[in-house]
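Colleague: This structure is in structure tokens; I'll ask about it shortly.
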Amino acid sequence: MSKKVYVLLAEGFELIEAMTPVDVLRRGGAEVVTVSITDNREVTSAQKVPVISDTTLKEKDITDGDMIILPGGYPGYVNLGESQEVGKVLKYYVENNKFVGAICGAPTVLAKNEVFLGKELTCHSSVVEEMKGYNYNGSKAFTDGNLITGMGAGLALNFAFALAEKLLDNETILKVKKRSEEHTSE
């Protein structure tokens, strides 16, 4: 049975941090659903690229997933952190031992909601000061239990494969890596 993943999109999200995990996890057979946290399915990235999400938080109850992913991007991660609905979903995932992925500035959403306190993580250097109560380690991508974090856009592929390691078997991950390497060498 395939794993279900929700990627939360807020206005100003980082395109590569959201779409790289979507690509890698879908290639691996996971059911990945993009979710606008606004009332509108169209969400504009930090790079001014409009993206049509699969659904919205208002349209769909997303508590049935195995993982939620919080992309960074400015002001995307701020908008995620200010959303009460995102906070409720995040707390539900934490309380029910589901996986949470956060990259770049998005780990600040964890801090705003006081979840995963004491965990070791990585994030963008610009938000390290906001991560009091966590153990920052500066890794490209890092997993501590059910929390998977990534440093930033240039390391989105590292983050995506760290997420995949929690949901997919090694053989599937190797196939996805092999296919992505074949496409980049052409």
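Colleague: Only sites in a loop by DSSP and with at most 13 other Cβ atoms within 10 Å count here; which trypsin sites (Lys or Arg not before Pro) in segment 68-160 make the cut?
Modeller: Hits after loop and neighbour filter: K132.
Colleague: Rounded to the nearest 500 deg cm²/dmol, what is the calculated helix-only ellipticity per residue at 222 nm for the chain, with -39500 (n - 2.57) per DSSP H run of length n ≥ 4?
Modeller: Computed ellipticity for the chain at 222 nm equals -10500 deg cm²/dmol.
Colleague: Another one. Let me check the size of segment 123-186 from its C-alpha atoms; what are the radius of gyration and Dmax in Å?
Modeller: Using the Cα atoms of segment 123-186, the pair Rg, Dmax is 14.0, 45 Å.
Colleague: Another question about this same structure. For V32, list long-range residues whose amide hydrogen, built 1.01 Å from N in the peptide plane, is under 5 Å from its own amide hydrogen.
Modeller: When sequence neighbours closer than 5 places are left aside, the close amide H contacts are V5.
Colleague: Which percent of the accessible heavy-atom area of the chain goes to carbon and sulfur, probe 1.4 angstrom?
Modeller: Carbon with sulfur: 48 percent of the solvent-accessible area.
Colleague: Also, I was wondering about something else. Going through segment 1-74, which GluC sites (Glu not before Pro) have at most 16 other Cβ atoms within 10 Å and a DSSP loop state?
Modeller: Hits after loop and neighbour filter: E59.
Colleague: Lys and Arg at +1, Asp and Glu at -1: add these up for the other residues within a Cβ distance under 15 Å of T55 and post the number.
Modeller: Taking every Cβ under 15 Å from that of T55, the sum is -4.
Colleague: Let me ask you something else. Dipole of segment 38-129, Cα-centred, from +1 at each Lys and Arg C-beta and -1 at each Asp and Glu C-beta, to the nearest 20 debye?
Modeller: So the magnitude is around 120 debye.
Colleague: For E114 and Y92, FRET efficiency with R0 = 22 Å and r from the beta-carbon atoms, rounded to 0.05?
Modeller: Computed FRET efficiency for Y92 and E114 comes out at 0.95.
Colleague: Still on this model: Note the count of lysine pairs whose C-alpha atoms are less than 19 angstrom apart in segment 89-167, limited to pairs 8 or more residues apart or on different chains.
Modeller: 11
Colleague: In sequence order, what are the phi-derived ³J(HN,Hα) couplings for segment 83-97 according to the Karplus relation 6.51 cos²θ - 1.76 cosθ + 1.60 with θ = phi - 60°, rounded to whole Hz, with x for glycine and proline?
Modeller: 7, 5, 5, 4, x, 5, 5, 4, 4, 4, 5, 5, 5, 9, 6
Colleague: Over the chain, with the other protein chains present, what is the accessible area per residue in square angstrom, probe 1.4 angstrom?
Modeller: Ligands and nucleic acids excluded, the result is 47 Å² per residue.
Colleague: In µm²/s, what is D for segment 1-159 at 20 °C and 1.002 mPa s, where D = kT/(6 pi eta Rh) by Stokes-Einstein and Rh is the Kirkwood radius from Cα pairs?
Modeller: 143 µm²/s
Colleague: Using a 7 Å offset from the Cα along the Cα-to-Cβ direction at both D39 and T55, what is the distance between the two label points in nm, to one decimal?
Modeller: 2.0 nm
The values are calculated or read from the model by the stated rules, or taken from the named source; none is laboratory data. For clarity, every value in this text was computed on a predicted model and none was experimentally measured. Counting neighbours? That spans all protein chains shown, and the Cβs are built from the backbone with ideal geometry, glycine included. These area figures cover heavy atoms from the full protein model, side chains too; ligands, DNA and RNA do not enter into them. Shrake-Rupley method; radii C 1.70, N 1.55, O 1.52, S 1.80 Å.
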